[in-house]
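Here is the structure we will look at, set down as structure tokens.
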Amino acid sequence: MCINVLVANRGEIACRVLRACKEAGLGTVAVCAANDEGSLFTELADRVVMLQGDTIATTYLDQTQIIEAARSSGATAIHPGFGFLSERADFARAVADAGLIWIGPSPEAIEKMGDKMTARQTMRAAGVPVIPGEEVEEIDETAALEALRLAAERVGYPLLLKASSGGGGKGMRAVHDPADFEQAALGARREAVAAFGDGRIYIERLLSGSKHIEIQVLADAHGRTVHLGERECSVQRRHQKVFEEAPGPTMTPALREAMGSAAVAAAKAVNYVGAGTVEFLLATSGEFFFLEMNTRIQVEHPVTELVTGVDIVREQLRIAGGEAMSCGDLLIRGHAIEVRLYAEDAANGFLPAVGPLLVFRPPEGPGIRLDTGVREGDDVTPNYDPMLAKLIVWAPSRHEALQKMRRALDEFVVLGTTTNIRFLRELCDVPAVVSGTTTTTTIDDEWPNGWSPATNEDLVAASLLTASAAESLGLHQRTKAGASSEAGEAPSPFQTITRRFP
């Protein structure tokens with residue numbers, strides 16, 4: 001078992017990993033950029049190493065500096081969380097070369113699954129179904145465009161252009177008309193070069209009306225590979241997940257077994273060891289196709305934890321320490337739903353928002369979990385991703401879980417910056433969400449011209465009232481030392497006001 005773990009990340013996922021390490025009896029080290037000093041995750045660690053630099057590239061992405069932080073602090077292992085360096089094979093290799101334990105899969109597995117074209121070829125060889133399409137290896141732009149055009153004619157329209165090194169929707173374009181192909185291909189290539197330094201693009205058939213289903217897998221070094229069932233992540237905006245749940249509301253035991261077996265086969269095909277997620281598209285025909293494998297912990301892992309009782313981060317620590325995983329046969333209990341709370345203006349194209357968290361009052365009660373890296377009094381800045389928290393609920397049935405999520409969002413109060421809480425609350429009442437028949441186009445279908453809240457003069461009045469109440473209570477910004485104001489302990493008048501306006 002690892003003894004001291006350095007978490008090469010920040011915010012919510014750093015808090016999640018640090019707490020899991022403490023529960024496992026491990027020492028913890030956080031790395032911290034200057035603009036994160038005093039953040040919640042730094043207070044959870046036994047030791048904090050300050051990173052020199054003033055950008056993400058010179059702090060959280062500086063591999064040499066992070067490995068040196070591990071050495072100087074006495075850490076024996078590094079957990080990368082998600083994002084940043086989590087799927088960088090060169091970093092995983094550098095960690096091992098430094099004599100440290102890498103809490104993740106091998107560099108070779110990361111490389112094979114990180115390159116989407118290589119992953120498709122590997123899955124075909126393993127008998128895992130992939131979306132019909134073609135890979136184009138040409139690097140020269142002129143030759144690549146011609147090869148892509150010919151491939152598009154064979155694949156047929158509508159289609160998706162996707163970056164081989166892509167993720168998060170970058171380097172991706174949907175093309176419905178051949179006349180738009182060249183411009184879309186050029187745009188995808190240039191975006192891919194800017195984001196990943198790799199302009200290679202491949203083509204997939206665009207499967208309309210599909211569901212996005214992912215399977216959580218775990219594999220240890222003792223030859224055991226298992227899956228923990230599925231998560232449905234169909235509700236997306238610009239290829240970014242918004243609403244996730246487990247189990248899938250339309251999943252059958254037979255389909256779960258088939259997709260789970262395919263996910264296990266995918267992991268075994270690259271000799272995978274650790275926690276990973278195999279993503280599939282489930283077509284209206286009932287066929288499913290491999291999309292990609294994420295070689296790290298996923299943002300939405302809590303819904304799987306709540307329905308299976310498996311602490312996935314704890315299993316990562318066991319596996320990295322050479323132990324056998326502790327989970328037994330798959331047993332799914334109840335239903336879990338997760339939404340992502342962002343500092344963003346949903347009514348203005350979901351633009352990121354900034355400002356102080358004058359009030360940050362999460363809901364409470366049985367079956368409610370909040371994974372966050374912020375507290376009341378913190379500042380939301382443009383330096384990092386604007387996700388404030390993940391709100392997760394569990395209940396014995398999907399209907400009860402959805403009702404619990406509605407109640408939780410009604411009671412969640414944030415003042416000082418704009419959030420997407422009202423959008424998430426309205427999303428819970430969308431017919432496709434209520435019935436569980438969501439697809440990857442649900443948000444666009446429901447709000448083709450963009451989302452905007454219903455005009456409500458009472459809501460405006462309530463907003464003014466809550467702002468006034470916040471000022472009268474003296475809710476001032478938390479100091480760098482993390483001290484909360486005396487008024488922060490006072491009974492809140494905000495929940496009652498917010499609850500009237502779902």
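Can you report the number of residues in region 241-277 which are under 23 Å from Arg398 (Cβ atoms) and either crowded, with 24+ Cβ neighbours inside 10 Å or in contact (Cβ under 8 Å) with a residue 12 or more places away in the chain (or both)?
18
Give region 140-175 a look and list any residue that's β-branched (Val, Ile, Thr) and part of a strand (DSSP E or B), or say none.
Val175
Return the residues of region 54-85 that are within 18 Å of Tyr384 (Cα to Cα), surrounded by fewer than 21 Cβ atoms within 10 Å (Cβ to Cβ) and polar (S, T, N, Q); say none if nothing qualifies.
The answer is Thr55, Thr58.
Quick one: which of Gly365, Gly286 is over 22 Å from the mean Cα position of the chain (by Cα), surrounded by fewer than 21 Cβ atoms within 10 Å (Cβ to Cβ), in a loop (DSSP other than H, G, I, E, B) and assigned by TED's automatic domain parsing to the domain that holds Arg422?
Answer to the check: Gly365.
Which helices (runs of 4 or more DSSP H) sit wholly inside region 33-139 and have at least 1 residues that are of a type in the set (Asp, Glu)?
On the way: elements: 40-44, 63-73, 89-97, 107-114, 116-126.
The helices (runs of 4 or more DSSP H) meeting that bar are 40-44, 63-73, 89-97, 107-114.
Only one of these conditions is not met by Glu141: (1) more than 22 Å from the chain's Cα centre (by Cα); (2) among the charged types (D, E, K, R); (3) assigned by TED's automatic domain parsing to the domain that holds Cys233. Which number is it?
Only one criterion in (1) more than 22 Å from the chain's Cα centre (by Cα); (2) among the charged types (D, E, K, R); (3) assigned by TED's automatic domain parsing to the domain that holds Cys233 is unmet by Glu141, namely (3).
Considering only residues of region 182-205 that are part of a helix (DSSP H, G or I) and surrounded by 21 or more Cβ atoms within 10 Å (Cβ to Cβ), which is nearest to the chain's Cα centre (by Cα)?
Ranking the qualifying residues of region 182-205, first place goes to Ala192.
Specify which of the listed residues (Arg318, Arg238) is farther than 30 Å from Ile203 by Cα and basic (Lys, Arg).
Going through Arg318, Arg238 in turn, just one is farther than 30 Å from Ile203 by Cα and basic (Lys, Arg): Arg318.
How about region 206-248: which of its residues are in a strand (DSSP E or B) and either among the polar types (S, T, N, Q) or in the same structural domain as Ala143 (by TED's automatic domain parsing) (or both)? Reasoning before the result, please.
Residues of region 206-248 that are in a strand (DSSP E or B), as a first pass: 211-219, 225-237, 240-246.
Answer for region 206-248, where residues must be in a strand (DSSP E or B) and either among the polar types (S, T, N, Q) or in the same structural domain as Ala143 (by TED's automatic domain parsing) (or both): Gln216, Thr225, Ser234, Gln236, Gln240.
Listed residues Leu402, Leu388; which is surrounded by 17 or more Cβ atoms within 10 Å (Cβ to Cβ), in a strand (DSSP E or B) and either out of contact with any Gly (no Cβ under 8 Å at 6 or more places or on another chain) or modelled with pLDDT of 95 or more (or both)?
Leu388
Could you tell me which of the residues Asp90, Asp62, Asp46, Asp54 is at pLDDT below 95 and not assigned by TED's automatic domain parsing to the domain that holds Asp378?
Exactly one residue qualifies, and that residue is Asp54.
The values are calculated or read from the model by the stated rules, or taken from the named source; none is laboratory data. Keep in mind that this is a model prediction, so the values were computed, not measured. In this analysis, Cβ positions are derived from the backbone assuming ideal geometry, glycine residues included, and neighbour counts consider all displayed protein chains.
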